[in-house]
Every structure is written in structure tokens, then in C-alpha cells.
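*Asks:* Below you will find the structure I want to go over with you.
A short reminder: the numbers here are calculations on the coordinates, not readings from a lab. Note that the structure is predicted; figures quoted are calculated from it, not measured. No Cβ is skipped: glycine too gets one built from the backbone with ideal geometry, and neighbour counts run over all protein chains shown.
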Amino acid sequence: MGLFAYTRTPQGYFLERSGLDFEDFAVGQHFVHRPGVTVSQQDNVMESLDTLNAAMLHYDHHYAAQTSWKHPLMVSTITLQNLIGMSSKTFARRARIERFASIAMTAPVFGGDTLYSESQILAVDDHSSTDSGRVTVLCQGLNQRGEVVAKLTYEARVWRRGQGPLFAPASVSKTEAVTDERFRSHSVDAQGRWVEQTGLFFEDFQNNETFLHWPCRSFTKQEGMTRAWRALEMSPQFQDLAWLDQHADGQASIPQTWLISVATALTTRTFGRVVANLGWHDVELHRDMKDGDTIRSQSKVLEKRLSKSRPNEGILTVRTEAMDQSDRLVLSYVRNLLVYQKQAPSPYAAAGY
């Protein structure tokens, strides 16, 4: 299918696509994964305590100050998880990782550091299976100073073109390839590296185009309760288990504001080159979401116009709808977005994007 970020559905919608097919990989390719992730000491504490990690180096500041590091050292599993997770735009069609030949932590990582992930293809095995092939990858983690902090060598089985599960909403049974140049999933930099792209520039959008955002997102009761507590939301329908048992058959609702947050976040693979979100209007909450429900988002471009006050940017008006696992309408709204123009100065090149 090639290095394109969308496929087309029979209805003419553009479905967001992640991951390359096995046939797209070749020895010597170098992929730059974006975005990066800045890790914090709070991440360090939560990962350590959640896994019952007894090494106080990760969360006891007084103890860490007595070591040569002088600061709590980031637990290695955070680096491991992030480097593999950050590579998913390129490797999302991995059937599974079969083996890590080595996982080496080559420099310290501390709270406040930013992790970036890059991958090089070391070997491609075309004879292992009819539905998939094996790819050997060297994944390197770099910090904000370009220092290599980790090296992972692993073997992964990747679905061949046309094989494996269709990564699409249940309502989509098939898709066709899209080779529109504005939808390239990677750009090639001056060093010949394939740099992952997120979002379209203002010029790339056309009125009346509809984008199906992927993947979907599921909700859990615990997540809804946590979001209610953090927002000081006192309504019992979101967080009072005794009240829920008495009045709602034990089913907690997901806070409506959290639903809007998730539905909006699901659109950012297409609307990722946004200067600012200018706000929502005509927000309609059609159904309540419960524990175990799943939503997906889709957006239609209603209008585009150049900004009068910001000459390097344009304004998009889009309508977004969120559907549940039964394809029922859950949420709808119209939103205005300020988006970078393609040839205008923007932060992407300066930040290595």
C-alpha cells in the first residue's frame, strides 16, 4: 500500500492508517518516529510503585542524592515502553514482537528529559510465512540533546499487504489504496531518513472531505471516576459506588467533559498541525457513555479560509461526530481550528519534525 497515511472507504471517506506492510520494509531504511515524549519524575514514581519496584533509586530523592547520579534515575521500563510505543505509526502492523536480542540502556534518563525514537531495518526475512514476514529492527532512544540513551534490537512479525486484521471501524469492510501526495505518512529528510508525519497543512484540506479517525478509544469505570475526582466533579453518577448500586445498577457514567476531551483528541492525527483550537460550538451530547463503551471520531471539513490577522495561517471549520461501538451517535460538535500553512515558518523543522 506504500507510505501513505490514509486509505479510502467505499463511501469516499479517508480512513487514518497506521503502520507499513511487510513489503514496504527494506534493509537499511532509517525511520525517525515522531512525536517525542517528555518524561517526568511523577511518571517515574507511578511506574515504579505500580510495578512494586523496590529500587528506591527511582523515587527516593534523598537516597538518590547520595548516589553518583544525584537525582532519581528513570526506571528503564519507561524508556523501553515509550521507544516501542512511539514507533507505532511505522510499525502498527506488527502482528507481534517475537524476540528482543538485546535491550541496552546506554545513558541515564532523568525526569524532565525528552525521549525520541528512531529505527533502522537490519534484516528482512521474506520466507517465514505466507501471511507475514519477519523484520529485524534496531531501535534507538535519544534525548533532547541527541544523546543515545538506549538501544533495542528485536525481531517482529509484520502482516503482508492484504493480510491480517483490517484496522478500521466495524462499519468498514474494505478499503482501497490512496496515493495522493498530500497524504504521505513519511517525509524524507536531508540524511535520507524517513520522518513520520502527523497532521495536514492548511492547503491540504478540501471542503466536504470526511476523515475517519483511527484508532478507537474505550472507557473504563475507574478511568471515569479518576477523571471526575481530578475535576472536582461531585455528582454521584460518576464516582459514588454505593449510590450507583442503588440507583444505576452499578453502572457509572463517563463525565461528558471527558468524553469531549477524548473525542477531540482522537482527531489529532489529521488535525495535528494546529496552531490553536479556537473553540467548539453546537455541542450536542446524544448518549451517555458507560464502563466498557468504545468511541470513534469522524470529521468533515465544512469551510476553510485564510486568517486575516495571522498571514501564515488559515482557519478550518469542521464538524466532528463520535460514534459508539454500535455505530450510534454519541456526540457532535462544530469546531474552528487555526492551522499552519505549508510554506510558512512553523516549529516542525526546528524541532526535528
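*Asks:* What distance in nm lies between label points placed 7 Å from Cα along the C-beta direction at residue 114 and residue 303?
*Replies:* 3.6 nm
*Asks:* In vacuum, with every alpha carbon of the stretch 20-159 counted as one equal point scatterer, what does the Debye formula give for log10 I(q)/I(0) at q = 0.16, 0.20 Å⁻¹? Two decimals, please.
*Replies:* -0.82, -1.11
*Asks:* Between residue 151 and residue 41, what is the FRET efficiency for a Förster distance of 22 Å, r being their Cβ-Cβ separation, to the nearest 0.05?
*Replies:* Numbers: r = 24 Å, r/R0 = 1.10.
Efficiency computed from Cβ-Cβ geometry: 0.35.
*Asks:* For the pairs 174/342; 89/151; 89/342; 70/151; 308/342, note any where the Cα-Cα span goes beyond 28 Å.
*Replies:* Details: 174/342 32 Å; 89/151 19 Å; 89/342 22 Å; 70/151 24 Å; 308/342 17 Å.
Table pairs above 28 Å Cα-Cα are 174/342.
*Asks:* Sequence gap at least 6, Cα distance under 8 Å: using those rules, report the relative contact order of the stretch 20-159 to the nearest whole percent.
*Replies:* Dividing the mean separation by the residue count of the stretch 20-159 yields 32 percent.
*Asks:* Let me ask another. Express in nm, to one decimal, how much length is gained between residue 261 and residue 180 on full extension, taking 0.36 nm for each residue of separation and deducting their alpha carbon distance.
*Replies:* 26.1 nm
*Asks:* Follow-up question, since we're still on this one. So what's the stretch 216-278 giving for Rg/Rh, alpha carbon basis, Kirkwood Rh from the mean inverse pair distance?
*Replies:* 1.11
*Asks:* Charges only on Cβ, +1 for Lys and Arg, -1 for Asp and Glu: so what's the dipole of the stretch 82-209 about the Cα centre, in debye to the nearest 20? Mind dumping the intermediate values first?
*Replies:* Numbers: 15 positive and 16 negative charges, 99 e Å.
Magnitude of the dipole: close to 480 debye.
*Asks:* Between residue 208 and residue 104, what is the label-to-label distance in nm when each label sits 7 Å out along the Cα-to-Cβ direction?
*Replies:* 5.7 nm
*Asks:* May I ask you to list the residues of the stretch 242-280 whose amide nitrogen lies under 16 Å from a point 7 Å from Cα along the Cα→beta-carbon direction of residue 230?
*Replies:* Under cut-off, by backbone N: 254-266.
*Asks:* When the chain is treated as a GNM, springs tying every alpha-carbon pair under 10 Å, which of 104, 248, 177 comes out with the largest mean-square fluctuation?
*Replies:* 248
*Asks:* Using a cut-off of 15 Å between alpha-carbon atoms, which aspartates and glutamates can reach residue 221, once sequence neighbours fewer than 8 places away in the same chain are excluded?
*Replies:* 233, 240, 245, 249, 288, 291, 293
*Asks:* Just to be sure I understand the model, the point goes 7 Å from the Cα along the line to the Cβ. What's the resulting residue 138 to residue 60 distance in nm?
*Replies:* 3.8 nm
*Asks:* In the stretch 160-183, which residues have a backbone nitrogen under 18 Å from the label point lying 7 Å from residue 328's Cα in the Cα-to-Cβ direction?
*Replies:* Flagged as within label range: 170-171.
*Asks:* Run a plain Debye calculation on the chain (Cα atoms as equal point scatterers, no solvent) and give log10 I(q)/I(0) at q = 0.13 Å⁻¹, rounded to two decimals, same order as the q list.
*Replies:* The computed values of log10 I(q)/I(0) come out as -1.24.
*Asks:* Report the extension gain between residue 351 and residue 245 in nm, rounded to one decimal, defined as 0.36 nm multiplied by the number of residues separating them, less their alpha carbon distance.
*Replies:* Net length gain for the segment: 33.1 nm.
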